[in-house]
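Step one of this worksheet: look at the structure below.
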Amino acid sequence: MDVRDFRASGNLPGQSRSIRITNVTGGVDRGVHDSAQQDPSWRVIFSMVAAKARLGEHVKWTRIEVGTDTKTQLVDITAIVSDETAKTGVKNGTCFVYMPHTTAGLTINENADPEVARDILTGLARLVPVNGDYRHAEGNSDAHIKASLVGSSLMVPIIDGRLALGTWQALYFCEFDGPRHRHLLIGTAGE
């Protein structure tokens, strides 16, 4: 297993994040397999991977750890995902990003103006306030709802060795119950 640590500035002033990258060789590690039994969305990802495998495509998985500093935060993970995808040598194919947490999400949105990330968090806070008529005992129901609205996976085409994102698009890890240390998986398949 190859592990590297990164520390970089966050998207908004005064924020930072730490990212740990682990290359998972020989498929998916035991912890991921256990998660698949508990989380039905893993079955969707594994189904896509199994379909690719039947077509003779190998899927390489990389595990990335992301640390957040505040309760809600959008972290631009585009460069890390792009770098890890490039290392696979896939020129044309698909990049899958999956996050096995129930109070965080993944999204694609604008990266040119940092106020967009702030507006997304402000809009979600208005739609789903922290204090509501929630019954979940942990007190983080708003985070679960926001994560459900945003989603836990992304799929991006790889064309000519690069993620086929629009001019203003970026991949974001969305924290709704931080600060925490989280992980996500990047899978690449293609030729």
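Screening V81 with (1) loosely packed, with under 14 Cβ neighbours inside 10 Å; (2) under 14 Å from the mean Cα position of the chain (by Cα); (3) in a helix (DSSP H, G or I) gives one miss only, at (1). Output yes when any residue across segment 100-115 is modelled with pLDDT of 95 or more and part of a helix (DSSP H, G or I), and no when none is. Among the residues of segment 100-115, at least one is modelled with pLDDT of 95 or more and part of a helix (DSSP H, G or I), which makes the answer yes.
Among the residues of segment 109-126, the ones that are under 19 Å from the mean Cα position of the chain (by Cα) and either closer than 13 Å to L149 by Cα or buried (at least 20 other Cβ atoms within 10 Å of the Cβ) (or both) come to 4 in all. Taken across segment 24-32, residues that are in a helix (DSSP H, G or I), under 18 Å from the mean Cα position of the chain (by Cα) and either at pLDDT 50 or above or not basic (K, R) (or both) do occur, with at least one present. Within segment 154-168, being touching a Ser or Thr at 6+ places or on another chain (Cβ under 8 Å) and assigned to a strand (DSSP E or B) holds for L154, M155, V156, P157, I158, R162, L163.
Can you spot a residue in segment 90-101 that is exposed (fewer than 14 other Cβ atoms within 10 Å of the Cβ) and not charged (D, E, K, R)? So far as segment 90-101 goes, yes, one or more of its residues are exposed (fewer than 14 other Cβ atoms within 10 Å of the Cβ) and not charged (D, E, K, R). Only a single item in (1) aromatic (F, W, Y); (2) over 20 Å from W61 (Cα atoms); (3) assigned to a strand (DSSP E or B) is not met by F173, and it is number (2).
Residues that are polar (S, T, N, Q) and either surrounded by 13 or more Cβ atoms within 10 Å (Cβ to Cβ) or assigned to a helix (DSSP H, G or I) (or both) within segment 127-149 comprise N140, S141, S148, listed in sequence order. Within segment 146-191, can you find the residues that are acidic (D, E), more than 14 Å from L121 (Cα to Cα) and within 14 Å of the chain's Cα centre (by Cα)? Answer for segment 146-191, where residues must be acidic (D, E), more than 14 Å from L121 (Cα to Cα) and within 14 Å of the chain's Cα centre (by Cα): there is none. Of all the residues in segment 37-78, those that are at pLDDT 60 or above, surrounded by fewer than 16 Cβ atoms within 10 Å (Cβ to Cβ) and not polar (S, T, N, Q) number 1. Scanning segment 157-190 for residues that are surrounded by fewer than 22 Cβ atoms within 10 Å (Cβ to Cβ) and in contact with a Cys (Cβ under 7 Å, 6 or more places away or on another chain) gives a single hit, L163.
Applying a threshold of 6 Å to beta carbon distances and a minimum spacing of six or more residues, or different chains, the list of pairs starting in segment 107-130 at a residue that is closer than 16 Å to E175 by Cα and ending at one that is among the acidic types (D, E) and part of a helix (DSSP H, G or I) reads V128/D142; V130/D142.
The values are calculated or read from the model by the stated rules, or taken from the named source; none is laboratory data. On a predicted model such as this, the values are computed, not experimentally measured, just so you know. FYI the Cβ positions are ideal-geometry reconstructions off the backbone, even for glycines, and counts take in every protein chain you see.
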